[in-house]
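**Q** Here's a structure for you.
The values are calculated or read from the model by the stated rules, or taken from the named source; none is laboratory data. No experiment lies behind these values; they were computed from the predicted model shown. Here Cβ is always computed from backbone atoms with ideal geometry, including for glycine, and neighbour counts include all displayed protein chains. Side chains included, ligands, DNA and RNA excluded: accessible areas come from the protein's heavy atoms. Shrake-Rupley method; radii C 1.70, N 1.55, O 1.52, S 1.80 Å.
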Amino acid sequence: MKKLMIIALVTSCLTVYGTEGAVMTSELPRPRAEIVKLEPEPDTMFVGKEVTRGYEIRQPLYDIPLDAALQQHIYKECERYDIVDYYPLILKQIKVESGFDVNATNGQYVGLMQLSRDNAEWAKSAFGYDSAYNPYCNTSAGICIMAGLLKKYGDPHKALMAYNLGEAGAQRLWNNNIYTTNYTILIISTNLTF
């Protein structure tokens, strides 16, 4: 039998800023690009219980109800927008927004990242899908939006507030020295496991 080589996963902390400039640290696994190469059969890779086509996986797989292909898509979108350090945060956001339910609907909000109907229409044309419920379309759009907010505000709490409340709604709270909400705290404190 051929040898199996697995490179260990590395985790680190992500520092976020609290309401009064105090620094809080939340343990978030920080994935690094990993190569997992198997040679039992050509063009097959085993990661935990998953079997995925190919020889390389780009990120650690979490024990969440999203398949390996969708997790890899989400990771690649984070790479595309240069927010790979926030990959675990995006997964936590998806967990809180939809409970990992691709068909989640809450009023005018749809899919894994609970896009508004307006953003859902934009996402379909921008990313070339028939439905914003498509998990690849929905996460591509949500990550695109979050990347812009993370880059604009430089703080996960502020970016999440702007995503959840809209930038005008978030600004009203910031004007009153409110820099976290139950929503942001819930996402930051949510646990994910490998």
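**Q** Which of the helices (runs of 4 or more DSSP H) found entirely inside region 55-147 contain at least 1 residues meeting this: under 11 Å from the mean Cα position of the chain (by Cα) and polar (S, T, N, Q)?
**A** The qualifying helices (runs of 4 or more DSSP H) are 68-80, 87-98.
**Q** When you scan region 165-178, do you find a residue that is open to solvent by 70 Å² or more (accessible area, probe 1.4 Å) and touching a strand residue (DSSP E or B) at 6+ places or on another chain (Cβ under 7 Å), even just one?
**A** So far as region 165-178 goes, no, none of its residues is open to solvent by 70 Å² or more (accessible area, probe 1.4 Å) and touching a strand residue (DSSP E or B) at 6+ places or on another chain (Cβ under 7 Å).
**Q** Further, regarding this structure: Could you give every pair whose Cβ atoms fall below 8 Å, whose first residue belongs to region 48-74 and is open to solvent by less than 70 Å² (accessible area, probe 1.4 Å) and modelled with pLDDT of 50 or more, and whose second residue is aromatic (F, W, Y) and not in a loop (DSSP other than H, G, I, E, B), counting only separations of at least 6 or pairs across chains?
**A** Close Cβ pairs (under 8 Å, with a partner that is aromatic (F, W, Y) and not in a loop (DSSP other than H, G, I, E, B)) amount to Q59/Y75; Q59/Y87; L70/Y136; H73/Y136; I74/Y87.
**Q** Which number in (1) more than 19 Å from L66 (Cα to Cα); (2) surrounded by fewer than 20 Cβ atoms within 10 Å (Cβ to Cβ) marks the one condition that T184 misses?
**A** T184 satisfies all of (1) more than 19 Å from L66 (Cα to Cα); (2) surrounded by fewer than 20 Cβ atoms within 10 Å (Cβ to Cβ) except (2).
**Q** Could I ask something else about it? I need the full set of residues from region 83-108 which are free of Cβ contacts under 8 Å to residues at least 12 places away in the same chain and of a type outside the set (D, E), in order please.
**A** G99, A104, T105, N106, G107, Q108 - these are the residues of region 83-108 that are free of Cβ contacts under 8 Å to residues at least 12 places away in the same chain and of a type outside the set (D, E).
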